[in-house]
Every structure is written in C-alpha cells, then in structure tokens.
Amino acid sequence: MVNLADLLVDAGLTRERLEECRRTAGVSGESLDKVIVQKEYLPEPALLSVYAQHLGYEFRDVLEGTSVPGSFVDTVPVQFTRNYNLIALGDAEHGVLKVATCAPLDPNPMDDLSAMIGFEIEPVLATRSEITTLIARAYRHKADGVDEALDAVSEDADIAGLAEELDDSEDVLDVSNKAPIIKLVNTILFQALKLRASDVHFHPYPDRTQVRHRIDGILYDMDSVPRKAHEAIVSRVKVMGKMDIAERRLPQDGRASIRIGDGEVDVRISSVPTTQGERIVMRLLDKSSKLYTLDEIGLAEHNRDMLREYLTWTHGIILVTGPTGSGKTTTLYAGMGEIDTTQKNVLTIEDPVEYSLGGISQVQVNTKKGLTFASGLRSFLRQDPDVMMVGEIRDRETSEIAIRAALTGHLVFSTVHTNDAASTITRMVEQGVEPYLVSSSLILVIAQRLVRTVCKHCRARRPLTEEDIVKLKRLGIRPDEVEGQIWYGAGCDECFHSGYAGRTALYEFLPVDEQLRTEIMEGVTASKMKIGAIERGLITLRIDGADKVRKGLTTTDEVLRVTQLDVG
C-alpha cells in the first residue's frame, strides 16, 4: 500500500497542514479526509483520487450516464442514500455491487447497505456533488410520500404543534414523529429538491391548494392539497421563515435554512394575501449544488477567450445583464472561479449569498441594519481589494461608487436588469451617472438568457415541416444548414415527457471599444449603439441562439421564446 502522507503531499498538501489536520481529526473524532475537505486544503476530487490510489479503489470524476438498478432504488430508502451519500453503479456482477461513496474511511454505512441488499460491496470513490446528482436522478420517479402525508393531513389538518421550536435548519428527510402538516411540507420540499426545482408555489384556489414547481424555468403543476389544509400549510411555512403567523393582510418575506442529510439549502419565502387566501412562493438555493466553470455554462469559444482576457484586467467594470433567473450570478461565479485568490483580494456583497466560494470574502446585504450594496461597496474600498463583486446595481449611488472603484484601480463585477447589452449603458446614464464616467469605467457588458436544452435521453432528428422552416427563417437559418432535419426531444420519463432537460445560456458580449465610448459621450440611443456594434461584429443573443439550434443543443421554440428581433 502506498504511503498516504507522501501521496497527500504530492497532491499539494503541506506537511504542516497535514499534521494540523491529523491533530484536528484526533480531537474531533472526524476522519482525516473529512477534516481536509472541511478546511479546503485540497479540492475534493484531488483528495479522493489520493485515497483511491492509497486504498486500491477505483475513482470516477463523472457519474453522468451511469445507470442505477431499479432493485436498489426499490430496496434502499432515499433517506439512507442521501444521509450517507451512497449509490449503486450498474447491476451486481458475481454477487458484487459497485457503490459510489465520498467517505472512504467510513465503513459502517457500507456494512449496513450490504446487509440491506444482500450483496458484497465494492467501493468506488466519487465526489459528493456527482453522487447527490445521481441519487436525485435515480429516485426521481419513486413515490415521495406526498400521498401518505396528504392522507394524514385529511385526518388531522389543525395547526397544533406548528409553532414548536425549530432547529437552526430543519432536516426535510426527518419526517418521523412529525405533525402531519410538518411532514407534508417537508415531503413537498424534498420532492422539489429531487426534481431540481428552483421555486415551490402554494397557490390557493376555492376548492384546493395547488403545489407547483418551477423546473428549468417552466412551472409544472404537482400535487393538489385539500383546501381545508391551506391555513395550516401557510402557518407552517411562516414558522419556518420566522414570519408573523397572525398577520394575514400584508405581504411578508422570510428566510429559512433546511437540510437534506448534511446538505444545506437556503429558502427565501414570500407570502402575498389574495382573494382566495395567502399565496406562498419559496425560492430554493441549494448550497451543495455544483458551481459551474466557464467551460460549462454555454459560452462560445471566442466569448470564453474574451472573458478570460478581461478577467486579467486590473481595473474596470464588467456588467452582466438579463431578467431575474437568467443565470447572471452563475456566470459571475464562473468568472470569479478563474481568479487566483492567493494573489488577489476578492470581496463580494450579495443578496443573498447563493453559493460559498473558496478563498473569497462574501458579505450578505442586511438593509434592516443599514448594510446595503452602496454602503458595503464603500466599506470594501477600505479593505485593500483587487476584485469586487456587487450583487446588483440598483441605483445611482451604487453606480457611482462602483465607477469610482473601477477608476481607482479595481476590477468590479455586477449585474443589472435590462433587455440587452446596449440598453445597459443607457440605463446607467438614465440613473444620473455622467456619460464620461460610464465611458471611462465600463469595459465589458454581457447580456444573457437561459434556454432549455434538448433531453439527452430522448433526443432525435426529424425532417423539417413548413412550420419549422418559418421558425428557422426567423432565426436566420437556411434549411440546408441543418441538412433538412432538426433535433427535438421525443419525451421520456427523465424529462417529464417535455423533451427538455437542463439549461444552457445564450450570450451577447459587448466590449466597450473607442467607437462605443464616443457614442456614450455623444448620448447616442441604445438601438443605434447596437446597430453600430452589429456592424462591427457583435454576436447578439438571437445569433448565439441560432448557433445552438444548428448544433442541436436547443430548439427554435426556445430561442424565439427568450430573444427579441435584432435591430437593424
């Protein structure tokens, strides 16, 4: 067996840090691998690769495309797989089942699993994010217990016990010995997280409460709950969000933290009084979900190279624009992931902090205490920063501080809500910022939209119809460019028979060149700026979308849904 210490040092862990982790593990009782990951001294893939080499196990960095046996899903409860991050990889061979784990030094759950399924287990090491993604996919179609929870609610829909003390973060897997309404809400949330939903809606109707999930940007009707349980559900959700249960006539906002096993999910809760009763929307932010890199977010090669070049600049403002839920923060995080935080001091102020970034100081907006984007950004200037990210530029004050930071030698990232890249520039001027300040500080504007991608499991090609030809023409695509055929999703269990699974982004990159600076100073309109930029080679959202249709990544319907006709 290869010496573990030598392997860890070869992977980049210093002897001093290794000794520190060993001492911590001895005191806390945690295993050495968990301590190293918690302290972020080695990336999880590098650490698991070392343990695979040391223990003689297989290491897989990607589990996508792996099938999980139906017998495993039927036999092993989802709570067990999520708690211990264990999932079968393919069918058993000669009485041995390969099982993915991210905790190679914890044999007890493996022994329990072996007794449960009746097979000898061969561990395969994989990262936690890959395992949780595979678990979610494997258990997606298994009954979630919503029906059983609803049956219990039918018998007992009172609000007793709802205001009991909550833990700092509720574990939605723990539904044993819970009041029926608590069990129901936890089960609905667990179902939503399994299906990758970004939002959960509780929509009251005269005869029922409709639960709806937003998946890949589209709302789907899920379970219906008896109307008599509506008040109890609202009260339960308000308790989770530390909101006022007695106030039913005014809108309220709350925030909660829930757990799935050992994964944390932030929940933003909004309630609005309607004529049918209070309507609840819960926005789910899974902190354990994967952070994307620049290579994974749908950037064309020339756009990726351009962004990487701008990330090396020492000063200026890079703005990402688009409507709510268009992936702006994901793009910013992917860009900031490329910055060497050992050499640069990086600070962010966000509302809320959506994901934890290693080596970066992140600040949460708190308007009640006076911590706004503007005040936080002003404080950052005294923290000797190299790079700053402001969650959103909402007003003139924030704009001016961001510009001052950019002009005094800082690289600033932020987001704005506008329709395209050119109108972002005019928006800043309309906020009252002097045009010469905008032209001298802004270096790049990125507009983006999210489109659903054709499901990998059921994608197929079919001959073009007359309707397809009309839609292709609207995108500037000739039928011969797609060889007279078009990609589509036939519909399968994996994509809820929608033909789509997952999303990618369309991008419009507008670098602020000398011509554009002159136009900003002269007060040229956004449409004229865009026409000039297209003449100089701007690839608009629609052009980028057309390119993704040619490649079969998405469909004409999706691109036409999220983009406007280009001017000029």
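The values are calculated or read from the model by the stated rules, or taken from the named source; none is laboratory data. Remember, it's a predicted structure, so these values are computed and weren't measured experimentally. Cβ sites come from the backbone with ideal geometry, for glycine too, and all protein chains shown count toward neighbours. To get the accessible areas, we keep the full protein, side chains included, count just its heavy atoms, and leave off ligands, DNA and RNA. Shrake-Rupley method; radii C 1.70, N 1.55, O 1.52, S 1.80 Å.
In the stretch 511-568, the qualifying residues are those that are open to solvent by 10 Å² or more (accessible area, probe 1.4 Å) and of a type in the set (S, T, N, Q), and the one that is farthest from Tyr488 (Cα to Cα) is Thr518. Every condition in (1) modelled with pLDDT under 95; (2) crowded, with 19+ Cβ neighbours inside 10 Å holds for Ala447 except the one numbered (1).
Taking (1) touching a helix residue (DSSP H, G or I) at 6+ places or on another chain (Cβ under 6 Å); (2) farther than 30 Å from Gln515 by Cα; (3) outside any strand (DSSP E or B) in turn, Asp468 satisfies each apart from (1). Given the criteria buried (at least 18 other Cβ atoms within 10 Å of the Cβ), farther than 30 Å from Gly532 by Cα and under 24 Å from the mean Cα position of the chain (by Cα), does Thr372 qualify? Taking the combined requirement at face value, the residue satisfies it. Answer yes or no: is there a residue in the stretch 298-315 that is over 24 Å from Ala447 (Cβ atoms), free of Cβ contacts under 8 Å to residues at least 40 places away in the same chain and surrounded by fewer than 17 Cβ atoms within 10 Å (Cβ to Cβ). No, there is no match, as no residue in the stretch 298-315 is over 24 Å from Ala447 (Cβ atoms), free of Cβ contacts under 8 Å to residues at least 40 places away in the same chain and surrounded by fewer than 17 Cβ atoms within 10 Å (Cβ to Cβ).
If you go through the stretch 279-297 and keep only what is in a helix (DSSP H, G or I) and either among the charged types (D, E, K, R) or open to solvent by 80 Å² or more (accessible area, probe 1.4 Å) (or both), you end up with Asp295, Glu296. Do you know which residues across the stretch 84-111 are out of contact with any helix residue (DSSP H, G or I) (no Cβ under 8 Å at 6 or more places or on another chain), open to solvent by 60 Å² or more (accessible area, probe 1.4 Å) and either without any contact (Cβ under 8 Å) to a residue 12 or more places away in the chain or assigned to a helix (DSSP H, G or I) (or both)? Hits for the stretch 84-111 are Glu93, His94, Pro107, Asn108, Asp111.
Taken over the stretch 185-222, the criterion of being open to solvent by 10 Å² or more (accessible area, probe 1.4 Å) and aromatic (Phe, Trp, Tyr) is satisfied by Phe190, Tyr205, Tyr220.
Give all pairs with beta carbons closer than 6 Å in which a residue from the stretch 530-559 that is within 14 Å of Val445 (Cβ to Cβ) meets a residue that is in a helix (DSSP H, G or I); count only pairs at least 6 apart in sequence or on separate chains. The qualifying pairs are Lys530/Ala422.
What about Ala402, is it in a helix (DSSP H, G or I) and within 18 Å of Phe373 (Cβ to Cβ)? Criteria met by Ala402. If you go through the stretch 434-460 and keep only what is assigned to a strand (DSSP E or B) and free of Cβ contacts under 8 Å to residues at least 60 places away in the same chain, you end up with just Ala460.
Determine whether His94 is at positive phi and at pLDDT below 90. Yes; evaluated as a whole, the condition is true for this residue. Comparison of Ile360, Ile401 shows that the only residue that is open to solvent by less than 40 Å² (accessible area, probe 1.4 Å), over 30 Å from Ser198 (Cβ atoms) and aliphatic (A, V, I, L, M) is Ile401. Do we have Thr424 as farther than 20 Å from Gly337 by Cβ, in contact with a strand residue (DSSP E or B) (Cβ under 9 Å, 6 or more places away or on another chain) and either in a helix (DSSP H, G or I) or not aliphatic (A, V, I, L, M) (or both) here? Yes: the conditions hold for Thr424. Within the stretch 495-527, can you find the residues that are in contact with a strand residue (DSSP E or B) (Cβ under 6 Å, 6 or more places away or on another chain) and touching a residue at least 60 places away in the same chain (Cβ under 8 Å)? Passing the criteria: Tyr500, Gly502, Arg503, Thr504, Ala505, Leu506, Tyr507, Glu508, Phe509, Leu510, Pro511, Val512. Scanning the stretch 375-398 for residues being assigned to a helix (DSSP H, G or I), closer than 26 Å to Ser326 by Cβ and open to solvent by less than 50 Å² (accessible area, probe 1.4 Å) gives a total of 4.
With the requirement that a residue be open to solvent by less than 60 Å² (accessible area, probe 1.4 Å) and in contact with a Lys or Arg (Cβ under 6 Å, 6 or more places away or on another chain), what does the stretch 223-240 give you? Hit for the stretch 223-240 is Ser224, nothing else.
Quick check on the stretch 409-417. Is at least one of its residues more than 21 Å from Asp286 (Cα to Cα), open to solvent by 60 Å² or more (accessible area, probe 1.4 Å) and assigned to a helix (DSSP H, G or I)? No, there is no match, as no residue in the stretch 409-417 is more than 21 Å from Asp286 (Cα to Cα), open to solvent by 60 Å² or more (accessible area, probe 1.4 Å) and assigned to a helix (DSSP H, G or I). Of the helices (runs of 4 or more DSSP H) lying entirely inside the stretch 13-76, those containing at least 2 residues that are over 28 Å from the mean Cα position of the chain (by Cα) and crowded, with 17+ Cβ neighbours inside 10 Å span 15-28, 44-55. Among the residues of the stretch 399-421, those identified as in contact with a helix residue (DSSP H, G or I) (Cβ under 9 Å, 6 or more places away or on another chain), β-branched (Val, Ile, Thr) and within 29 Å of Asp340 (Cα to Cα) are Ile401, Ile403, Val412, Thr415, Val416.
Within the stretch 509-550, track down each residue that is outside any helix (DSSP H, G or I) and among the small types (Gly, Ala, Ser).
Scanning the stretch 509-550 gives Gly523, Gly537.
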